[in-house]
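The values are calculated or read from the model by the stated rules, or taken from the named source; none is laboratory data. Just so you know, these numbers come straight off a predicted model, no measurement behind them. We place every Cβ from the backbone using ideal geometry, glycine too, and count neighbours over all the protein chains shown. The accessibility values were calculated without ligands, DNA or RNA, using every heavy atom of the protein model including side chains. Shrake-Rupley method; radii C 1.70, N 1.55, O 1.52, S 1.80 Å.
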Amino acid sequence: MKTFLTRTASGIASLALEDCPTPGALGAGQVRIAMRAASINYRDLMAVTGQFGPPGPEGLIPCSDGAGEIIEVASDVRRVKVGDRVVLTQNPDWIGGPWRASSGAMGRGSVIVPGVMCEEMVVHNSEVVLLPAHLSFTEGAALPCAGVTAWHALCAPAPLYPGMTVLLQGAGGVSVLGLQLAKLFGARVIVTSSSAERCARLKALGADEVIDYRAVPEWDKKVLALTAGQGVDVGIDIGGAATIDRTIAATRKGGRVALVGLLTGWPNTASAIFSSGVDIHPIKVGSRDDFEAMNRAIDFHKVKPVIDRQFSFEQLPEALSYLQSGKHFGKIAITF
């Protein structure tokens, strides 16, 4: 079967398309999935550039997010059946409850757990969730990392109530899905982005207020002005080192900040954390329970993820290069 691998994790150019053996017979509790689509995330770039460590002797199969059709189930499987359209969870070990360190905690597409860039996968049935009927495989593949991260950041640490204000950054997968999901709760959403054109697209998607951070470098002060000096209830930080201080400054005392991204590096914010009066929550995607709760909301409201571009299976390197450019709006998908 066609499989993408990197044996050195030395960059996008180290990816190679190989013909690998199809997975063997099923074990207890396992299912076989014909993969139909994948999506890519910044963490996938981190993996193929060695930031998760060197691959093992069998190499690293990249990408954490995939959707497909179940074509075989073990005799003891009852959760799902042949013909079901499913999406894989990003962390195969996290079913529910608080996050705990485990062998699968780095997620699929890491040096520990193989990713989804192969034509067929065999996994335990506990590692899949049903795809909402109104979504395509491509749309479903957009959800495991970005969607569950956004959902978890918005409402897992504490309830998100109507009328609360949420701050989001940029127009990548987490932020665009975060905007769509926050509006389901009746929240007011403020989004920062890098151009007037992108701000207009976010506004059209439902953002209540948009801020061009290139035109307004001190965007935290603008957020305070938009919230009568109080700050937002929930700030979701994507940028890391270059943005976290402003995100904290733009969040009200007693509010919370979800640490999601590291686009500009690891933050060093100990003094700001202690003086800010906000609750800080590092987000490690989310559990299968989070995924299924999000899917119920997506199914009820018929939400569709925004897909910026679709690439073919063989174009994975080009898709990752496009992600690296930062030009995307929403998710980048791979069709099998």
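General observations
- Within region 59-75, being surrounded by fewer than 17 Cβ atoms within 10 Å (Cβ to Cβ) and part of a strand (DSSP E or B) holds for GLU69, ILE71, GLU72.
- Any hit, region 223-240, residues being of a type in the set (S, T, N, Q) and free of Cβ contacts under 8 Å to residues at least 40 places away in the same chain: yes
- Filtered residues of region 300-325 (kept if without any contact (Cβ under 8 Å) to a residue 60 or more places away in the chain and in contact with a Gly (Cβ under 8 Å, 6 or more places away or on another chain)): ASP308
- Residue pairs whose Cβ atoms lie under 7 Å apart, sitting 6 or more positions apart in sequence or on different chains, and linking a residue in region 43-67 that is closer than 22 Å to PHE137 by Cα to a partner that is open to solvent by 20 Å² or more (accessible area, probe 1.4 Å) and assigned to a loop (DSSP other than H, G, I, E, B), are ILE61/PRO114.
- Within region 273-300, being surrounded by 14 or more Cβ atoms within 10 Å (Cβ to Cβ) and farther than 24 Å from ILE95 by Cα holds for ILE273, SER276, VAL278, ASP279.
- Applying the condition of being buried (at least 21 other Cβ atoms within 10 Å of the Cβ) and among the small types (Gly, Ala, Ser) to region 37-58 and asking which residue is nearest to the chain's Cα centre (by Cα) yields SER39.
- Candidate set: region 224-266, residues that are assigned to a helix (DSSP H, G or I) and among the β-branched types (Val, Ile, Thr); chosen: the one modelled with the lowest pLDDT: ILE244
- Only one of the numbered conditions (1) within 13 Å of the chain's Cα centre (by Cα); (2) on the phi > 0 side of the Ramachandran plot is not met by GLY326, and that is (1).
- Candidates ALA13, ALA105, ALA9, ALA34 - the one that is surrounded by 13 or more Cβ atoms within 10 Å (Cβ to Cβ), touching a residue at least 40 places away in the same chain (Cβ under 8 Å) and not in a loop (DSSP other than H, G, I, E, B): ALA34
- Evaluation of SER110 against (1) in a loop (DSSP other than H, G, I, E, B); (2) modelled with pLDDT of 95 or more; (3) crowded, with 21+ Cβ neighbours inside 10 Å (one fails), failing number: (2)
- Scanning region 301-319 for residues that are in contact with a Phe, Trp or Tyr (Cβ under 7 Å, 6 or more places away or on another chain), more than 16 Å from GLY178 (Cβ to Cβ) and either open to solvent by less than 20 Å² (accessible area, probe 1.4 Å) or acidic (Asp, Glu) (or both) turns up PHE313, LEU316, GLU318, ALA319.
- Search result, residues across region 211-240 that are among the hydrophobic types (A, V, I, L, M, F, W, C) and under 22 Å from the mean Cα position of the chain (by Cα): VAL234, ILE236, ILE238
- Residues (in contact (Cβ under 8 Å) with a residue 24 or more places away in the chain, in a loop (DSSP other than H, G, I, E, B) and not aliphatic (A, V, I, L, M)) located in region 79-102: ARG79, ASP84, THR89, GLN90, ASN91, PRO92, TRP94, GLY96, GLY97, TRP99
- Among the conditions (1) farther than 20 Å from ILE334 by Cα; (2) modelled with pLDDT of 95 or more; (3) not aromatic (Phe, Trp, Tyr), the only one that GLY104 does not satisfy is (2).
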